Amino acid sequence: MAALRCSSASENEVRPRWFGKVLGCLFVTLWGVCVLGGLAVGTWGAWGAWEVVNGISSSDWPTTEGTVISADMFYGDDNSWYPHIVYAYALDGKNFRGERLRYDGGGPCSSDAEAYPAGKAITIRYHPSHPDRSVLEPGFKRGALFIFGFGMIFIIGTSIIMAMVVYAIRQARQGR
């Protein structure tokens, strides 16, 4: 029984030498997952920010008249129906085609195609510096704000986790 107890002199030798390497690999793996996840969700959040900014500014964009070319519904991978509305408009003798219904993060809505039948005359808002960017319904919907918010929360959370891992590794190297 006495052989199983550790004396204070050999207290640091209780763990095998490989333990620190395994723990380090786990930290690096966790860090890698956080970085990759942060980049993925951060990119998604940046896209949400783009949707929100363009949605807000689209309310002040100039307008022009156009025509709906086609209005269809397609079945998405998430078992929801999505509208696909194509419209045409002309500015300064140049013809443009648009497909942007609204800045909403791409959420499903089954009634949109019915509101824009083919051949219908419509008012289109277009970006003053980039007239090829247009939208039928200005403003943004909550879906875009959710995407942006979730992305930012994930980036902040990932940053905190990474800072904690770096702090723990530094403390372990200092022997604390």
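Considering only segment 31-50, state which residues are more than 10 Å from the chain's Cα centre (by Cα) and loosely packed, with under 14 Cβ neighbours inside 10 Å.
Gly32, Val33, Val35, Leu36
Listed here are the residues, each with its yes/no results for (1) over 30 Å from Phe154 (Cα atoms); (2) out of contact with any Leu (no Cβ under 9 Å at 6 or more places or on another chain).
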residue	(1), (2)
Cys34	no, yes
Gly37	no, yes
Val41	no, yes
Ala49	no, yes
Gly66	yes, no
Met73	yes, yes
Asn79	no, yes
Ala90	yes, yes
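Answer with yes or no whether Ile169 is of a type in the set (Val, Ile, Thr) and at pLDDT 80 or above.
Here the answer is no, as Ile169 does not meet what is asked.
Using the structure shown, decide if Val53 is β-branched (Val, Ile, Thr) and surrounded by 17 or more Cβ atoms within 10 Å (Cβ to Cβ). Break it down stepwise before answering.
Details: β-branched (Val, Ile, Thr): yes; surrounded by 17 or more Cβ atoms within 10 Å (Cβ to Cβ): no.
Here the answer is no, as Val53 does not meet what is asked.
Inspect all residues belonging to segment 11-25 and state whether any of them is at pLDDT 70 or above and among the aromatic types (Phe, Trp, Tyr).
Scanning segment 11-25 turns up no residue that is at pLDDT 70 or above and among the aromatic types (Phe, Trp, Tyr).
I need every pair where a residue in segment 44-71 that is within 14 Å of Phe150 (Cα to Cα) has its Cβ under 7 Å from the Cβ of a residue that is surrounded by fewer than 16 Cβ atoms within 10 Å (Cβ to Cβ), sequence separation at least 6 or different chains.
Gly45/Phe150
The values are calculated or read from the model by the stated rules, or taken from the named source; none is laboratory data. This is a predicted model, so every value here is computed, not measured. Glycine gets a Cβ as well: all are built from the backbone with ideal geometry, and neighbour counts include every protein chain shown.
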